[in-house]
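Inspection log for the structure reproduced underneath, given as structure tokens.
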Amino acid sequence: MQLNQLPKITARKKKRVGRGYGSGKGGHTVGRGQKGQKARNSVGILFEGTKMRKSLIKRLPFLRGKGKFKSFKKKPVVINLKYLNLLPDGTEVSLKTLTKYNLIKAGQEEKNMVKILGDGQLTKKLIIKLPISKAAAVKIEKAGGKVILEEGKPEIKNENKSSLKKAQVAKTKAKKLKSKNK
């Protein structure tokens, strides 16, 4: 057996720099040498030599143009009610049925990627299990269909956002009055 083929027995501990003389790198300068920028603190990632020179990131151009402040998240595919007349009477409208009848592409089957809007008239009775606008929901119910909302999302009918806000403000005022009266 040769020395370079011996199995490694000891794994030395990492030197904890600046934790006293017993650590192996303890003492005055702690392995950083004397004086200078690197002896005092770490150099920033963006630093490239002098204060005067701009770093690479600072030299790159800004995002310009119309879409500068737009978000990059995907928007849902819009399907109007008039296109749902292609489906047979009494079908459940879901992502699978829409791809089956070629109303959306196969890649757009992700959750919350399709929304039904109320443009046009509906003549079929359909059961809808997708996100839907209020106008479309009213038209579907007039045609004799059903709208099944996703679990966990409460249905708000015939209430404006302003009336909901007023109710919330009234609740908070009532809580404040109770706390003052105690």
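The values are calculated or read from the model by the stated rules, or taken from the named source; none is laboratory data. Bear in mind the structure is a predicted one, so any value in this text is a computation, not a measurement. Every residue, glycine as well, gets a Cβ built from its backbone with ideal geometry; the counts of neighbours run over all protein chains shown.
Could you please let me know if Ser94 is of a type in the set (Gly, Ala, Ser), farther than 22 Å from Ser133 by Cα and surrounded by 13 or more Cβ atoms within 10 Å (Cβ to Cβ)? No; evaluated as a whole, the condition is false for this residue. When you check Gly33 against the structure, is it surrounded by 10 or more Cβ atoms within 10 Å (Cβ to Cβ) and either part of a helix (DSSP H, G or I) or of a type in the set (Gly, Ala, Ser) (or both), yes or no? When the stated conditions are applied, Gly33 does not pass them. Please work out which residue is nearest to Ala143 (Cα to Cα), limiting yourself to segment 110-122 and to residues that are surrounded by 15 or more Cβ atoms within 10 Å (Cβ to Cβ) and either at pLDDT below 90 or touching a Pro at 6+ places or on another chain (Cβ under 8 Å) (or both). Taking the candidates together, the pick is Ile116. Being modelled with pLDDT of 90 or more, in a helix (DSSP H, G or I) and not small (Gly, Ala, Ser), is that true of even one residue in segment 74-82? Yes; the residues of segment 74-82 include at least one that is modelled with pLDDT of 90 or more, in a helix (DSSP H, G or I) and not small (Gly, Ala, Ser). If you check Lys74, Lys70, which single one turns out to be closer than 30 Å to Asp119 by Cα and surrounded by 10 or more Cβ atoms within 10 Å (Cβ to Cβ)? After applying the criteria, what remains is Lys74. Taking the numbered list (1) exposed (fewer than 11 other Cβ atoms within 10 Å of the Cβ); (2) farther than 30 Å from Ile116 by Cα; (3) in contact (Cβ under 8 Å) with a residue 12 or more places away in the chain in turn, Gly18 passes all entries but (1). Is it the case, given these coordinates, that Lys125 is modelled with pLDDT under 90, in contact with a helix residue (DSSP H, G or I) (Cβ under 9 Å, 6 or more places away or on another chain) and surrounded by fewer than 16 Cβ atoms within 10 Å (Cβ to Cβ)? No.
Scanning segment 142-162 for residues that are of a type in the set (D, E, K, R), more than 25 Å from the chain's Cα centre (by Cα) and either modelled with pLDDT under 90 or exposed (fewer than 12 other Cβ atoms within 10 Å of the Cβ) (or both) yields Lys142, Lys157, Glu159. Scanning segment 8-24 for residues that are at pLDDT below 85 and part of a loop (DSSP other than H, G, I, E, B) gives Lys8, Ile9, Thr10, Ala11, Arg12, Lys13, Lys14, Lys15, Gly24. Within segment 64-122, the set of residues being touching a residue at least 40 places away in the same chain (Cβ under 8 Å) and touching a strand residue (DSSP E or B) at 6+ places or on another chain (Cβ under 9 Å) comprises Pro76, Asn80, Leu81, Leu84, Gly120.
Residues of segment 113-136 that are among the β-branched types (Val, Ile, Thr) and within 19 Å of Gly90 (Cα to Cα): Ile116, Thr123, Ile127, Ile128, Ile132.
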